[in-house]
Amino acid sequence: MGQEFRYYQCGDCFIPDIQLSPYKHKVLGKYGRMRRVYLQEKNSMLLNDLILRERLFPHLWEIDETAHCRVEKLMTELLKRNPTPNKATHQMEWVQHMNSLKAQAEEIVLAELIYS
């Protein structure tokens, strides 16, 4: 019917002997770390559920990969709508413009993926 658990005694309490299965080591990127912090601070129920079902890291990796792809796509779209100044003659304006577009793209991704 259900999964059988082994317990060990600690004083008067019996504690289930639960072990998580090992997972492959993969680096967690910026957006995955941001999602984890958000879950820790704002949605601990979902975080605990993901941990207990051993789905936390796959969830964070998926969010990270999706967010990176979405930022790149948004940057391309924003560049089409807002062409950059000539990089050779106006370097600081070009840097400012690109930073502004990246900030816009990241703000959209944070609202859509990380903080939802």
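Listing for the model above:
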| quantity | calculated |
| --- | --- |
| Residues (surrounded by 14 or more Cβ atoms within 10 Å (Cβ to Cβ) and either more than 16 Å from residue 112 (Cα to Cα) or not hydrophobic (A, V, I, L, M, F, W, C) (or both)) located in the range 62-71 | 62, 64, 66, 68, 70 |
| Check on residue 54, out of contact with any Lys or Arg (no Cβ under 7 Å at 6 or more places or on another chain) and more than 22 Å from residue 106 (Cβ to Cβ) | yes |
| Single match in 26, 80 (criterion: exposed (fewer than 13 other Cβ atoms within 10 Å of the Cβ), out of contact with any helix residue (DSSP H, G or I) (no Cβ under 7 Å at 6 or more places or on another chain) and among the basic types (Lys, Arg)) | 80 |
| Residue that is nearest to residue 112 (Cα to Cα), among those in the range 29-58 that are under 8 Å from the mean Cα position of the chain (by Cα) and without any contact (Cβ under 8 Å) to a residue 40 or more places away in the chain | 32 |
| Residue check for residue 50: in contact with a helix residue (DSSP H, G or I) (Cβ under 8 Å, 6 or more places away or on another chain) and within 30 Å of residue 18 (Cα to Cα) | yes |
| Where residue 87 falls short, out of the listed (1) under 20 Å from residue 29 (Cα atoms); (2) of a type in the set (D, E, K, R); (3) in contact with a helix residue (DSSP H, G or I) (Cβ under 8 Å, 6 or more places away or on another chain) | (1) |
| Residues being open to solvent by 30 Å² or more (accessible area, probe 1.4 Å) and of a type outside the set (Lys, Arg) - total across the range 29-60 | 17 |
| Filter pass, residue 93 being modelled with pLDDT of 95 or more, surrounded by fewer than 10 Cβ atoms within 10 Å (Cβ to Cβ) and among the charged types (D, E, K, R) | no |
| Any chance residue 106 is without any contact (Cβ under 8 Å) to a residue 60 or more places away in the chain, open to solvent by 90 Å² or more (accessible area, probe 1.4 Å) and under 30 Å from residue 26 (Cα atoms) | no |
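The values are calculated or read from the model by the stated rules, or taken from the named source; none is laboratory data. Note that the structure is predicted; figures quoted are calculated from it, not measured. Cβ sites come from the backbone with ideal geometry, for glycine too, and all protein chains shown count toward neighbours. When the accessible area is computed, the model is the full protein with side chains, heavy atoms only, and any ligands, DNA or RNA have been set aside. Shrake-Rupley method; radii C 1.70, N 1.55, O 1.52, S 1.80 Å.
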